[in-house]
Amino acid sequence: MKIAVLGDIHSNLPALEAVLREIKNISPDAVFFTGDAVGYGPWPGETLDLLRETVHAGVLGNHDAAVVGKTDVSDYYDAVRYVINWTIDSLSNEQYGFLDRLKYIHSESEKGSFILSHGSPRMPERYDYVFSSKGVNRLYEVRQFLKGVNFVGHSHYMNLFVMTGDDKSIELNISSKDVSVDYPNPVICVCGSVGQPRDGDNRAGFVTYDTEKKRVQFHRVEYDIEKTIKKIKSLKLPGSFGERLRNGY
Ligand SMILES: [Fe+2]
């Protein structure tokens, strides 16, 4: 079984379309979603329509939760809250309902055995970041709930960690883009971002996982960034959410 895992799309439709074209070529058995369909970007409804058609299962990101009133946004900065409110007004009942039905965590056992969460799976409704060994080491507290591979988003980075069984973890080198996850202890895969990468590479990111070979592949795909910037400008949404896409930060 081969699966694709994508997330942090943030209403960036050209990025999602480019990723789905690449996924079509790869032809996985199922596509999974690690949350944050919306927020920042200008095509929330279209993004949700495409996800509803494509995704086998997914989880609620913090921006998604903000739109459906399930997380406190009082400490978010004004521009983020502005787009969240604009997104709420943009969605149809069906699109809103899709977001509202997403859970904080998904444990898959049919199309492979793995967990999806947006932030840390330890207390997924808190949206703690996992992008360093420090965050991974806290997962020993919920060790019994983890699976062999655990996919997370939220940081918009790409990383791979393996828990070493002694309350510690190591970060694996992913520069080969095709990495074995065949370990006796849980692996945490940080899946990157389709619509707003922050690792200095402005291409859309997603991962695939071969459940038999136990290998994860990290993918990056070019898309029409200027189209997204133009749309953000035309809707008078905060311009910085467009400009940052050029640099991948
Ligand atoms: Fe995000």
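Below is a table of values for the structure above.
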quantity	calculated
Among (1) in a strand (DSSP E or B); (2) of a type in the set (A, V, I, L, M); (3) within 16 Å of the ligand (Cβ to nearest atom), the one test that Val194 misses	(1)
Residues being surrounded by 23 or more Cβ atoms within 10 Å (Cβ to Cβ) and either over 20 Å from Val59 (Cα atoms) or near the ligand (Cβ under 10 Å from one of its atoms) (or both) - total across the stretch 10-41	8
Subset tally (residues that are hydroxyl-bearing (Ser, Thr, Tyr) and either away from the ligand (no atom under 16 Å from the Cβ) or at positive phi (or both)) for the stretch 86-118	6
Unmet criterion (only one of (1) under 26 Å from Asp29 (Cβ atoms); (2) away from the ligand (no atom under 16 Å from the Cβ); (3) free of Cβ contacts under 8 Å to residues at least 40 places away in the same chain; (4) outside any loop (DSSP other than H, G, I, E, B)) for Ile188	(3)
Top-ranked residue in the stretch 135-162 [being part of a strand (DSSP E or B) and in contact with a Phe, Trp or Tyr (Cβ under 7 Å, 6 or more places away or on another chain); ranked as farthest from Phe32 (Cα to Cα)]	Val162
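Conditions tested, residue by residue: (1) closer than 16 Å to Leu20 by Cβ; (2) modelled with pLDDT of 95 or more; (3) part of a helix (DSSP H, G or I); (4) among the aliphatic types (A, V, I, L, M).
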| residue | (1), (2), (3), (4) |
| --- | --- |
| Val31 | yes, yes, no, yes |
| Asp36 | no, yes, no, no |
| Gly39 | no, yes, no, no |
| Thr47 | yes, yes, yes, no |
| Arg52 | yes, yes, yes, no |
| Asp64 | no, yes, yes, no |
| Thr71 | no, no, no, no |
| Asp75 | no, no, no, no |
| Ile84 | no, yes, yes, yes |
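The values are calculated or read from the model by the stated rules, or taken from the named source; none is laboratory data. Given the structure is predicted, the values throughout are model-derived calculations rather than measurements. Cβ: placed from backbone, ideal geometry, glycine included. Neighbour counts: every protein chain shown.
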